[in-house]
1. Just the residues that are among the hydrophobic types (A, V, I, L, M, F, W, C), modelled with pLDDT of 90 or more and surrounded by 13 or more Cβ atoms within 10 Å (Cβ to Cβ), please, taken from the stretch 76-95.
2. Could you list, in sequence order, all residues of the stretch 96-118 that are surrounded by 13 or more Cβ atoms within 10 Å (Cβ to Cβ) and among the small types (Gly, Ala, Ser)?
3. Regarding ALA12, is this residue surrounded by 10 or more Cβ atoms within 10 Å (Cβ to Cβ), more than 30 Å from ALA107 (Cβ to Cβ), more than 27 Å from the chain's Cα centre (by Cα) and at pLDDT below 70?
4. Kindly check whether there is at least one residue in the stretch 65-75 that is assigned to a helix (DSSP H, G or I), more than 24 Å from the chain's Cα centre (by Cα) and of a type in the set (A, V, I, L, M).
Amino acid sequence: MIRFATIARSAAAALALALTAAPLTALADEPAAGARDHGRDHEDRAARFPMKPEAFEQLVEKRIAKAREHLERVLAAQPLPDLVKVSVRRDFEEGAAQVRAAAKKAADGGTVTKEEARAVRELARSIVEQGRAKYGLGKPDHPKGRRAQAHGKGHGKAHPRKA
């Protein structure tokens, strides 16, 4: 025999489900509230080029300022002599001047194409890598397996013992 309480409970559950599912289906085309793009518009990046020279030079200056802040944080964390820190800052300014010159050269045609911007970015990256190699600062090169072994996760291999 079916009791009224059982039917009422089932009806209440169905009503609650219908009331929560209806708004969710209406919002199915919109991105979720937790899904953020972190200020990046990946679809519109290709539409940015060709870019106006002034806008490109502003982007380059903004990026150089951000790199300078990062360099200062790294230098503050490292126990280096003051002469070495001065040398690192001098090399950074020389590299920034090279990047600015490349950006100005890319902007000479009146517009900056995607390929010209890519060349400036590659120059900046090579300057950073040269500085890291010269001073031994920045990200250390760790193969994934060695990093995992250092933390005791040898992926099935025996952990090397210290003698």
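1. In the first step, residues of the stretch 76-95 are kept if they are among the hydrophobic types (A, V, I, L, M, F, W, C); the result is 76-77, 80, 83-84, 86, 88, 92.
Subsequent filtering for residues that are modelled with pLDDT of 90 or more retains 76-77, 83-84, 86, 88, 92.
Hits for the stretch 76-95 are VAL84, VAL88, PHE92.
2. ALA96, ALA102, ALA103, ALA106, ALA107, ALA117
3. Working: surrounded by 10 or more Cβ atoms within 10 Å (Cβ to Cβ): yes; more than 30 Å from ALA107 (Cβ to Cβ): yes; more than 27 Å from the chain's Cα centre (by Cα): yes; at pLDDT below 70: yes.
Yes; evaluated as a whole, the condition is true for this residue.
4. So the first thing to find is which residues in the stretch 65-75 are assigned to a helix (DSSP H, G or I), and the list is 65-75.
From what is left, the residues that are more than 24 Å from the chain's Cα centre (by Cα) are none.
No, because not a single residue in the stretch 65-75 is assigned to a helix (DSSP H, G or I), more than 24 Å from the chain's Cα centre (by Cα) and of a type in the set (A, V, I, L, M).
The values are calculated or read from the model by the stated rules, or taken from the named source; none is laboratory data. In this text, all values refer to a predicted model and were calculated from it rather than measured experimentally. FYI the Cβ positions are ideal-geometry reconstructions off the backbone, even for glycines, and counts take in every protein chain you see.
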